[in-house]
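Here's the structure we're looking at; comments come further down.
The values are calculated or read from the model by the stated rules, or taken from the named source; none is laboratory data. Quantities reported herein were computed from a predicted structural model and do not represent experimental measurements. Because the Cβ atoms are built from the backbone with ideal geometry, glycine has one as well, and the counts that use them run over all protein chains shown. The accessibility values were calculated without ligands, DNA or RNA, using every heavy atom of the protein model including side chains. Shrake-Rupley method; radii C 1.70, N 1.55, O 1.52, S 1.80 Å.
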Amino acid sequence: MKRFRRHGQESQRERIKQELYGFNKTVEHGFPHQPSALGFSPSLQLLAIGTRSGAIKLYGGPGVEFMGLHDENAAVTQVHFLPHQVELVTLLDDNSLHMWTLRAHHGVSELLEIGRFTLTGPPGAPPSVTCVTAVLAHSSGDLLLLGTEGGHVFVVKVPGFRELEERNISLEKVTNSVPEEYGGRRILEHVESLQENPVNQRQVLIGYGRGLMVIWDLDSQSAIKHIPATQQLESVWWTEDGGHVLSSHSDGSYCRWKVAGDDPQSEQEKSEVPYGHFPCKAISKIIQLPTEQGPPFLFLSGGMPRASYGDRHCISVIHSKTHVALDFTSRIIDFFVIRDGPGEPSALVVLVEEELVVIDLQTEGWPVIQTPYLVPLHCSAITCSHHVSAIPLKLWERVLSAGALQNTHYSKKPWPMTGGQNLAPDPPQRDLLLTGHEDGTVRFWDASGVCLYPMYKLSTAGVFLTDSDPNDNLNQGTEGEWPPFRKVGCFDPYSDDPRLGIQKIHLCKYSGYLTVAGTAGQILVLELNDEAAEQTVEATVADLLQGQEGFRWKGHTRLEVREEPVTFPPGFQPFALVQCQPPAVVTALTLHSEWKLVTFGTSHGFGLYDYQQKNNVLVRCTLNPSDQLAMEGPLSRVKSIKKSLRQSFRRIRRSRVNDYRNVFLAEMELAPVQRKIEPRSPDDSFTGLVRTLYFADTFLSDSSHNTPSLWAGTNGGSVFAYQLRLPPVECRGEDPVTAHPAKEIQLMHRAPVVGILVLDGHGSPLPEPLEVAHDLARSPDMQGSHSLLVISEEQFKVFTLPKVSAKMKLKLTAIDGSRVRRVGVAWFGSNRTDDYGESGLTVLTNQGDLHVVSLPGVKLQVQYPCIRREDVSGIASCVFTKHGQGFYLISPSEFERFSLSARCVVEPRSLVEVPSQTPSATLPRALPDGASVERSSARRVMEHALLNDESEYLRNNQTTLTELNLNQLQHLCE
Amino acid sequence: TRPAQHKSGLLYSPECNRVSYKFSPVKSLFWSGEKGFHLLFLLSCVSEEVDYSSYGTHSLTRKKKAVVALRNDVNRKRPHIRIGMPQDFRPVSSIIDVDILPESHRRVRLYRHGSDKPLGFYIRDGTSVRVTPHGLEKVPGIFISRMVPGGLAESTGLLAVNDEVLEVNGIEVTGKTLDQVTDMMIANSHNLIVTVKPVNQRNNVVRASRISGSSGQSSDSSGSTGYPSLSTTAMATGADELESDEESDIVIESTPPPAPVEHPSPPTRPLSPSLNGLSHHGTLRESNDSLHKILSTMRTDPRHSLALPRGGVEEDGTVITL
């Protein structure tokens, strides 16, 4: 009987778990890592980006996005939409072609791969014969023309990929139909470009690498015209009236050829080297578009003088007398132009390696249009992130208006990409994601929905004197400069001073107070002000060593503070500054806006700062006398980490060069990796590093009076509790705040304390400061006894309060071998009924697994694998929301959003319908084929990918030492 | 008087624990001996002790039989040794659960008895051959790769290089990475129980009932728990067992405002984790040392010293949930 009942309870618990928890990776925010191809469908108004890792991403109007992944781990080199259809074709660098479609399913479109194909040549032919170099999706919608390395053009029927052998355009057929001086003697080389005649879809232009171009009639199966260019061909454009062909060449020249008329040989009308005289680089792509009245727009990519500007990444836009060389921040992958219906070019869309830039061509001065998605999160490297759920409308609007003032240089035009319908329900609340960056900025993102939209940017660099010259950026754009450069894009990975880097952020959403802390031990307290203000920020020094002797700080110096008043624009303005001494990176930071206190910690100790009276209430040193490493500062420490990482990467890379698997196995047998079984000793380094700080109003000393308290947890498994005495409100400005040591706990397992939490009489976590005052949370239960939850890397341990004695625990490492890397408190609502929910801990382990741990019982509820365990920076970057979602970096520029909650899921839901067939042949242009620019360098860059990963890895390790599994690093060093 | 709860495991049951606990440190001199031998030797000491002190008589007579069955050289090599006083005894590492494990496996409990001695071994990845329904199969496994000379593992003689690690404190390591297994062992290091498949199968403990039948080449090879796992047996043996598994955290409470005290007054209860939950007599001095050590790591700044009233330093850890 008893057993039956227990079984019943268990199955009921299982059912509740299913209603509460569910794991989904929902959407990727940010800019794709290493994009390699761009496509655009004018009829669908969708843009497609392929990446070097084989991902394909489609974007339409804001919120409309799709993602697919090729099974092959090969780079996408070309993307072509089939005109007027919802299909697209991708070419990978393993020479395979893939057909994708957007299929509607339950009213929502899905991106599906529906076919794959690899050209098979005649038996015995060399592989170059079938290596695809150019693709033309014919406007009939059912033909694909594939130009190859060997110079042949294969005709394939789609969507089924059926080869139409009889219609192939072989090299022989072409050489037979052009005069001998072009065909016979010379090798034509590969097919560089395939273009369709905009006014006659039965004619295609085949451009060969050596320069010769041939106009081929698909019906008569013969060449009707040839264009005798002699320079190495880079790209071809057929003007919209069908009368001219533009060709661009590797010497930086472009030519215009007249193709109207009956003469089988076209005349060259014009040849020009736009940045002339000295040798120029190739013009890799050329587009010319007419305007209704007046001269056409001409777009040229590249062509810069080789010696002086060979390293610039430029697209020149020439319209009438206006000539601008848009100077991009990274390598140009491809570009296209959006037109208003059949008419004027309206926007230039450029995909460069690190961002997507859209230029408004209809507004004077060609301003940039702010992108609603694909935003480069990494314009300066991300060093930390902080999520705040359910922002009050008032704060939201003030942040938005502060942000609007920063974006006046952007175009007012709406986002030109409008494809698809966004069917996702409106987000239930306003969520903010704050990212801290290496250059000392904090960016505010609207993270409520599918689009991570930039709201506001805060810069902290103005408070300090740095080496950078503010006039640096003003030197460009002088009158009469040639070429007429104009910088566009915001990607700027170079930091003026690494000490400015933001390490910790805490925002109080009710009061609008914000505190940020950085690499050189600086802690700024800021408040939101709708007006610009001039003020001097006074610094308070917190000497964390407290007279400890025998320590010498070998790291960087403190930041120098500007002594004169600084004008701060509307938005968050700093009014208080604490500088830690030694100026080590701040490892923990918490703000209590009701008490007007900020607490901060470094590897040396922690402090409590009263930002109303602007003084330190408490400074506590946590250093262990044997903890020498903490004094060396980040530099010497990082060097050794760097070195060992570099060595291990070298090992990995070496093994990848050869046959990966064999070498790996052989290595394992020859020199196995060993791990020493050595319990943690109190002499471990960095035991004094403060990992977590927490404010709580709880029963610290006796069970009848609750008092404010401060809790700190260290790397060495110590917990310090202080009782705080706050003066009554009327004398808060004068009477001092005091802090008295109340408790110290040393966990015997000595694992780093990563989280501290007080649970109220009902076992619920205490609410945030001001949450109750704003009627947004139930007041905590102060009748029942409170308990203290200490989360170490290895255990979750609940203690009673006020007398601390262990109540229960969960020993994660002992049973599972994993360690807690990230932990958050979340509310999980049931997806079946609105009135049931539970609090729980969201946990990410060093194995990359996500767990939910129940409160207050600390029992494991669910476990989901989420991140590869090797992805140290991904794991370190994870941030949880209060509603069971989370974000982590999958590359320096992309956040993956995931959900652990069954109720709270933010994912794209959009519908794309088959466009109605428009008979007009002039509207759609065959897709630009600029992806060929990418192809040649793809392989080389794959090698660099590893190097880049390594540097990212290193940077992350440097800046987030606190998050590191120090043990793992020691293993690496061994 | 005492229920014979213990299994035939040599030093397994709570009673046995008590017994094994009483061994004088002097005897560690003999521990580095040949594997298998020293255990028997310890038991023989137990029986000697029984003879003199009549402690735990009931269970030990039973065990003595097993001892005789195990190895014959017990009687041959028995040096004359003086048995120390009970308060000088301490726990030793041991083979446990012999009755429930396949003969080819060995479950070893490593006791650090509060010493600073490292556990003293290394583990590595490797491959192991298993018998499965589909025939022989190569599967990844974790192996002991090295012993630290003079370390605890070596001095027990119970583990050897190339032994395959199957479980850590009752949890199978199959499917876990080397780092995970390392972390599990370290997290359990105060009371580490590893189940291994010794590379040398000749020294296996042979059960009396099967003495004629089986040799060192065991029938088991699946590595999965066809036998009761450790956790269930541990639960079955009662709270005493669990308590000794527990290490206690140190809590210092003070009532603000603090009254600065130059030196913490001596605590009234022993703190050494290995002594937790056990008898208090005779161990005060040693535990004081360890307390001072811990305290010295905790407070580096005398100005922030906490008041440490008599009895203010406490241990806890009587309630455990696994």
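Based on Cα contacts under 8 Å between residues 6+ apart, chain A shows a relative contact order of 12 percent. Region A:818-910 gives an Rg/Rh value of 0.98, both radii derived from C-alpha positions and Rh following Kirkwood.
Residues whose amide H comes within less than 5 Å of that of residue A:78, counting only those at least five positions distant or on another chain, are A:91 (H built at 1.01 Å from N in the peptide plane). Near residue A:225, once Lys and Arg are set to +1 and Asp and Glu to -1 for all other residues with Cβ below 13 Å from its Cβ, the sum equals -3.
Multiplying the residue separation of residue A:180 and residue A:263 by 0.36 nm and removing their Cα-Cα distance gives an extension gain of 28.2 nm. May I ask you to derive the FRET efficiency for residue A:162 and residue A:128 from their Cβ-Cβ distance with R0 = 22 Å, giving the value to the nearest 0.05? FRET efficiency, residue A:162 to residue A:128: 0.40.
Applied to region A:541-557, the Karplus parametrisation 6.51 cos²θ - 1.76 cosθ + 1.60 on θ = phi - 60° returns per-residue 3J(HN,Hα) values of 8, 10, 7, 6, 6, 6, x, 4, 10, x, 10, 9, 7, 9, x, 5, 8 Hz, with x for Gly and Pro.
Restricting to DSSP loop positions (anything but H, G, I, E, B) with no more than 10 other Cβ atoms inside 10 Å of their own Cβ, which trypsin sites (Lys or Arg not before Pro) remain in region A:116-208? The qualifying sites are A:185. Working from Cα pairs under 8 Å separated by at least six residues, relative contact order for region B:93-203 is 30 percent. Only protein heavy atoms count here; on that basis, with a 1.4 Å probe, residue A:26 has an accessible area of about 20 Å².
Per-residue Karplus couplings for region A:256-266, computed as 6.51 cos²θ - 1.76 cosθ + 1.60 with θ equal to phi - 60°, are listed in order as 10, 10, 8, 10, 5, x, 9, 4, x, 10, 7 Hz, Gly and Pro entered as x. Among the chymotrypsin sites (Phe, Trp or Tyr not before Pro) within region A:789-871, those in coil by DSSP and having at most 16 neighbouring Cβ atoms inside 10 Å are A:836. Computed about the Cα centre, the dipole magnitude for region B:93-203 is approximately 200 debye when only Lys and Arg (+1) and Asp and Glu (-1) carry charge, each at its Cβ. With a 1.4 Å probe rolled over the protein heavy atoms of all chains, the accessible area of A:446, B:97 falls in the order A:446, B:97, largest first. Protein-only accessible surface at a 1.4 angstrom probe places the residues A:306, A:691 in the order A:306, A:691, largest first.
Alpha-carbon geometry of region B:93-203: the Rg and the Dmax are 13.7, 47 Å, given in that order. With a simple spin-label model that places each label point 7 Å from the Cα along the Cα-to-Cβ direction, the separation between residue A:217 and residue A:860 comes to 7.5 nm. Separation of the alpha carbons by more than 22 angstrom is noted, of A:225/A:321; A:614/A:743; A:281/A:487, for A:225/A:321; A:614/A:743.
Annotation note: GluC sites (Glu not before Pro) in region A:327-371 located in DSSP loop regions with a Cβ neighbour count of at most 11 within 10 Å are A:364.
Each other residue within a Cβ distance under 9 Å of residue A:464 adds +1 if Lys or Arg and -1 if Asp or Glu, for a net charge of 0. In this simple spin-label model, placing a label point 7 Å from the Cα along the Cα-to-Cβ direction at both residue A:785 and residue A:530 gives a separation of 5.0 nm. Extension gain for residue A:772 to residue A:407 (0.36 nm times residue separation, less C-alpha to C-alpha distance): 127.8 nm. The mean sequence separation of alpha-carbon pairs under 8 Å and at least six residues apart, normalised by the residue count of region A:818-910, gives a relative contact order of 24 percent. Under 12 Å from the Cβ of residue A:27, count the other residues' Cβ atoms, weight Lys and Arg +1, Asp and Glu -1, and hand me the total. After counting each charged neighbour, the total is -1. Above 46 Å, the calculated P(r) of chain A contains 36 percent of its Cα-Cα pairs. In the structure shown, the pairs A:596/A:807; A:394/A:504; A:457/A:509; A:504/B:176 are assessed against 26 Å; a Cα-Cα span above that value is assigned to A:596/A:807; A:504/B:176. Backbone geometry of region A:809-815 corresponds, through the Karplus equation with coefficients 6.51, -1.76 and 1.60 at θ = phi - 60°, to 3J(HN,Hα) couplings of 7, 10, 9, 5, 5, 5, 9 Hz, x marking Gly and Pro.
When a 1.4 Å probe is rolled over the protein heavy atoms, the share of accessible surface on region A:818-910 that falls to carbon and sulfur comes to 47 percent. Full extension of the chain between residue A:465 and residue A:320 gives 47.6 nm of extra length, using 0.36 nm per residue less the Cα-Cα distance. Estimated at the nearest 10 Å², the accessible area of residue A:313 is 60 Å² with a 1.4 Å probe. With every protein chain in place and a 1.4 angstrom probe, the accessible-area ranking of A:707, A:460, largest first, reads A:707, A:460.
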